[in-house]
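Undergrad: Here it is: the structure, laid out below.
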Amino acid sequence: MENSGLGWDEKQSVFAKEMEMCAQLVQEVRVLENAEIFAEPVDPIALNIPDYYQIIKHPMDLQTVEKKILANRYGNAYDFYEDLKLIFQNCCEYNDNPSSFYHQVGLNFLKICATKFKKIEKLSEAQQISKCSTENRAALEDILSRINARELIKLLTYLNGLGVNVVSLGENGSFHVLLNEIDDKIANAIILHCNQKQTRHVQQQQQFTTRRKNSKKVQLESGTLVTRSPLAHAKVYIHFFLLILFLQYNNPRS
């Protein structure tokens, strides 16, 4: 999510629609001729290309792209498109002979995807690619999906103290949290801050639970001590008296 928070009744990415179209684009690419080449991560052993990962430093494939879409790892369509292009660029880079079959296939898929990508109606812009890593953005999205409005205000106050302004106002009083404006340094600070708060909250809950258990234990022990009311004592005496009668009946004197 590049912008998260359209109001707390409906928290979602403002780029959700274009990401749906990106997912559809991947499905369209999957059914093209020779698409099976790019379907899954490259297996250098099965393909007998042991030097693949020495040459290709940032591997990518259609399966991984789909998983990242489902996991909301892309901020917007342009962010997604960088990974999509990377699949075929890697193919051309490893198969660097321009006349080779795989190089030509890679180039062909780059052209096809460029045409398809232009047809996607986008709210985002090319320069809005996230400044932080996909891992940090995923963590930020998870935080934003869980916190309520009160917690968000506290988080924004914390960010304001760091001199960071990542909120823009939308229509009808809605607001947008601009994740694309957050770099890894700020992202790490936010994640650390929220994790520390979560840890304190868990510790407070544990302390509260422990106090409740101890309180119940004291009440139980106290109750045990005071349950010996006159009625309880009377019951003990009755049982004792009946026991004596039973013993006398079963053991009569000679």
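Undergrad: Evaluate the relative contact order of region 3-128 (contact order divided by residue number), counting alpha-carbon pairs under 8 angstrom at least 6 apart; express in whole percent.
TA: 27
Undergrad: If we sort 181-191, 42-52, 90-100 on the protection proxy, mean other Cβ atoms within 10 Å, highest first, what's the order?
TA: 181-191, 90-100, 42-52
Undergrad: I'd like to compare 35-41, 159-165, 105-111: which one has the highest average count of other Cβ atoms within 10 Å, and what's the full order after that?
TA: 105-111, 35-41, 159-165
Undergrad: Using a 10 Å cut-off around each Cβ, can you sort 150, 73, 30 from fewest to most neighbouring Cβ atoms?
TA: Ranked by crowding around the Cβ, least crowded first: 150, 30, 73.
Each reported figure results from applying straightforward, stated rules to the coordinates on display, with no laboratory input. This one's a predicted model, so the numbers in the text were calculated from it and none came from an experiment. In this analysis, Cβ positions are derived from the backbone assuming ideal geometry, glycine residues included, and neighbour counts consider all displayed protein chains.
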